[in-house]
Every structure is written in C-alpha cells, then in structure tokens.
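Rule-based calculations on the coordinates, nothing more; no lab input. All of these numbers come straight from a predicted model, not from anything done at the bench. Cβ placement follows ideal geometry from the backbone for every residue including glycine, while neighbour counts extend to all protein chains displayed.
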Amino acid sequence: MSTIGDISYRTKWILSKRYIQAIIVIALAGVFELDGNIVKDSSGTFPTDWGALFDSSGVTQPLPQGALDAHWVNDGPHAVTDLTTFTTGSKDTLDIANAGWQCTPSGNLTPKDDILHAYSFAIVPQFGPRMGHLLVYGGFERFTNNGAGDLGLWLLQDPTVACSSTKGAVSFTGAHAVGDVLFVGEFSTGGTVTTLNAFKWVGGSSPLMNITATGGADCRTAPDTANYCSRSNTVSISTPWSSQDKTSGPNTLATAEFFEVGIDLTGLFGSNAPCINRFIFDTRTSPSVTATLKDYAEGALATCPTSTISTTVLRL
Ligand SMILES: [Ca+2]
Ligand SMILES: [Ca+2]
Ligand SMILES: [Ca+2]
C-alpha cells in the first residue's frame, strides 16, 4: 500500500451473511486520509482529511503544521446553469492560450460528468516517510454514478488561468508553462480507480510527456514507493457541506461519486518541482489525453507562497 501522506488507513471490508464490518488498520503515521471519504476519521492533527480543512460553508480552516494552502470550490448544484464547462474542441494537448481552451455555460451537462465541488490542499510534512516533500492533494464530487468516472487534474503554474462564461464560447485567460502537470484517470461504478497516469507539459508539437516515475491508480493496491495514487468511494458517504447528488438524500454521495488523489511532487520531480498556483479538475469522455473535455472546476493552490517557507523547511 502506498504511503503518500496517508496512508495510514487500510480499510478491509469483510463480508458475511449478516453484516459488513470495516476494519481500519493503522499502518503508518501519515499526513492525509486517502480513504475514499471526506470526513476526518482519525483523532489528533494527522492524518487530516477534507472535512477538517474546510467548514460547512467551504471556508478554509486554520491549517495544520507544514500546510501551504487549501481551497474549496463550489461548482454546483446540478439544477443551476454551470458557467464553467469546456466547449468541444478544448483538449489537454492544446495550449490554453490562443483559444486552445474555451469555456461556455451549460444547463444540461451529462449528469455523470457534472462536478459539484472540488478542493485542493498542499503541505510539506514535518514528519514521516515523506518529510520535507511537497505533497499535493485534490478531490471532487460528481452528480451521479451511472457510468465510470473519467477525470483530469491539471496543476498549473500560471495563476491567471481562468474562464467563466454567461453566454457563448469564451477563451481562457493564462497559458501553459513548461512543467505543468496533468493527471488523467478513471474509476469504476464500484469505486475502484482503474487508471491514473501522469504527464508533464513540455510544449512543442508533442506537448505532453508521460511521467514514468512510480505511481499507482488505486491507493489500496499502489506500491509503497508510489508518488501518486487515488481513491473513489466504494460505499455511500456523507459530506460536511451542502451537497446534493441525483439519487441520495441531502449531503450524501452514492458509491463512485467522490474522487481524491495524493501526489508527491518532490518524488516526481526532486528539487525541481514546479510552483503550482492553480488546479483544475475536469470530467471527460475517457482517460485519454485526447478525450473530449466536459465540466471543470478551477481554483487556487499556491505551493510556493514565499521563499521564506522553503528556506525554513530546508533548515529544519
Ligand atoms: Ca479522504
Ligand atoms: Ca477520512
Ligand atoms: Ca463547472
């Protein structure tokens, strides 16, 4: 099992005729609960989880030691026209500038592609096997689970990348920078992550370079040395904030309507990890980098806020 921050929690589900029992095994003192749910299950400061980083309105709470940034983005509800969806033609392989990426409003997103909320978190842990590494976490919720979840996560350096439209196609502001990072993946309707691949933006005629450093798809089966892995929810879960999916009661997400990922940028790039300033989660037609992009939710995530912090970390 991977040790990206968490990953102190290994959940084994034992099925019997009469009951389902969850056994949580504390494998390692970790940073973040990549456990396929949103609430913080552990006691103490670490490992943390989304529900401890934001209040019920999505406001960022005082962050634990080593944390750099955290943001919560509302991209719903489903009944309201979404001002942040990709127009057909926007691709991962295109530049953001020069109309490569465009957004448009949509009131009829395919339900399984509709993102409700998305969130980000960055930390340089002061303890544990990833001590001193830049770790980034992301998560999102979607409206229904009637189909596999195909997703992308861009970690962008340009803080001006953004787009919102109330009418017609609008070009994104901002641009790619060499070193931007892309993850593309897929999770099943049962909540198992089956695909997760990492790419680096290098520009030119073949702008996405596959990152070959060790990673894993589902954290439950990823190797200890994985530099990234992810989870979806294999059971119904609750949200600490107002959220409404298609079939559940309020503040409840059915199986495979939640996705979260942990990334060790230092593990991937060493001391050359890019300074991230924006994150964008998208939904798409497949886990291919040439897939048609659907909904997105974008927000801030500053991993290099000041040089002072970096200096302090190195001296610890
Ligand atoms: Ca979690
Ligand atoms: Ca949890
Ligand atoms: Ca959106």
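The residues of segment 39-62 that are in contact (Cβ under 8 Å) with a residue 40 or more places away in the chain and touching a helix residue (DSSP H, G or I) at 6+ places or on another chain (Cβ under 7 Å) amount to a single one, 39. Meeting the requirement of 2 or more residues that are surrounded by fewer than 17 Cβ atoms within 10 Å (Cβ to Cβ) and hydroxyl-bearing (Ser, Thr, Tyr), no strands (runs of 3 or more DSSP E) wholly within segment 111-189 can be named. Residue 82 passes every criterion in (1) within 16 Å of ligand 3 (Cβ to nearest atom); (2) closer than 21 Å to residue 228 by Cβ apart from (2).
The residue of segment 38-66 that is nearest to residue 4 (Cα to Cα), among those that are away from ligand 2 (no atom under 16 Å from the Cβ) and either surrounded by 14 or more Cβ atoms within 10 Å (Cβ to Cβ) or of a type outside the set (Ser, Thr, Tyr) (or both), is 66.
Among the residues of segment 160-177, those that are touching a strand residue (DSSP E or B) at 6+ places or on another chain (Cβ under 6 Å) and not hydroxyl-bearing (Ser, Thr, Tyr) comprise 161, 162, 163, 169, 170, 176. Within segment 251-270, take every residue that is among the charged types (D, E, K, R) and part of a strand (DSSP E or B) and give me the one that is surrounded by the fewest Cβ atoms within 10 Å (Cβ to Cβ). Per the criteria, the residue is 264. Of all residue pairs spaced 6 or more apart or on separate chains, those with beta-carbon atoms under 8 Å, a first member in segment 247-274 that is free of Cβ contacts under 8 Å to residues at least 40 places away in the same chain and a second member that is part of a strand (DSSP E or B) and surrounded by fewer than 17 Cβ atoms within 10 Å (Cβ to Cβ) are 251/238; 252/238.
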